[in-house]
Amino acid sequence: MTASLALVVTSVVLYSAGLYLLLDRSLTRVLLGVLLLGNATNVLLLASGGESGGAPIYGTTPEEEMSDPLPQAMALTAIVITLGVAAFLLAMIYRSWRLGQESLEDDPEDRIVASGIQLAPDDVNYVGAGPDDIDPDGDLTDGLEDGLVPYGPVEEARP
């Protein structure tokens, strides 16, 4: 039971392209990445099935000539799972299109972490604080005049 090198290389290429698309912030590319990952899984299962043989029905084909039915069943399961995840992502894409935003935005926490400041445990965390709300010495500015709303203390210092 040897796997064809062409099928293995094809599945590796599909997996790498699917992961690349999956890591993007655009939901359409995430959907395409999930579809490529599903196809790569099916190709890998096809490669793991070995050479084709007779129908795996007892009495019609000798046992040594039967093909393995397990990879076929797992491929069908992978197709169903990929279809379900794709339907869910299509619903999310449609909902975000109806709301007028197709790509994900950076939230305030991402902007604070990206700016590299360290908050002490007694600092107040602000909703909407970003790199523009940080003094040159690394502290958060008051920000209340900019419409930022404090929502409580931070439990532990951030790295």
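Here Ile79, Ile93, Ile57 are screened, and the one residue that is exposed (fewer than 11 other Cβ atoms within 10 Å of the Cβ) and not polar (S, T, N, Q) is Ile57. Taken residue by residue, segment 68-79 has at least one member that is closer than 25 Å to Thr28 by Cβ and modelled with pLDDT of 80 or more. Tallying residues that are part of a helix (DSSP H, G or I), small (Gly, Ala, Ser) and under 12 Å from the mean Cα position of the chain (by Cα) within segment 4-39 yields 2.
Got a number for residues in segment 34-88 being closer than 15 Å to Thr10 by Cα and of a type outside the set (A, V, I, L, M, F, W, C)? It would help to see each step written out before you state the result.
So in segment 34-88, the residues closer than 15 Å to Thr10 by Cα come out as 35-48.
After this cut, where a residue has to be of a type outside the set (A, V, I, L, M, F, W, C) as well, the list is 38-39, 41-42, 48.
Counting residues in segment 34-88 that are closer than 15 Å to Thr10 by Cα and of a type outside the set (A, V, I, L, M, F, W, C) gives 5.
Within segment 1-25, residues that are basic (Lys, Arg) sit with their Cβ atoms under 6 Å from residues that are modelled with pLDDT under 95, at 6+ positions apart or across chains, in these pairs: Arg25/Ser103; Arg25/Leu104. Has segment 41-51 got any residue that is in contact (Cβ under 8 Å) with a residue 24 or more places away in the chain, surrounded by fewer than 15 Cβ atoms within 10 Å (Cβ to Cβ), over 26 Å from the mean Cα position of the chain (by Cα) and at negative phi? Yes.
The values are calculated or read from the model by the stated rules, or taken from the named source; none is laboratory data. Treat the numbers as computed from the prediction; the structure is a model and nothing was measured. Cβ coordinates were reconstructed from backbone atoms using ideal geometry, including for glycine residues, and neighbour counts include every protein chain displayed.
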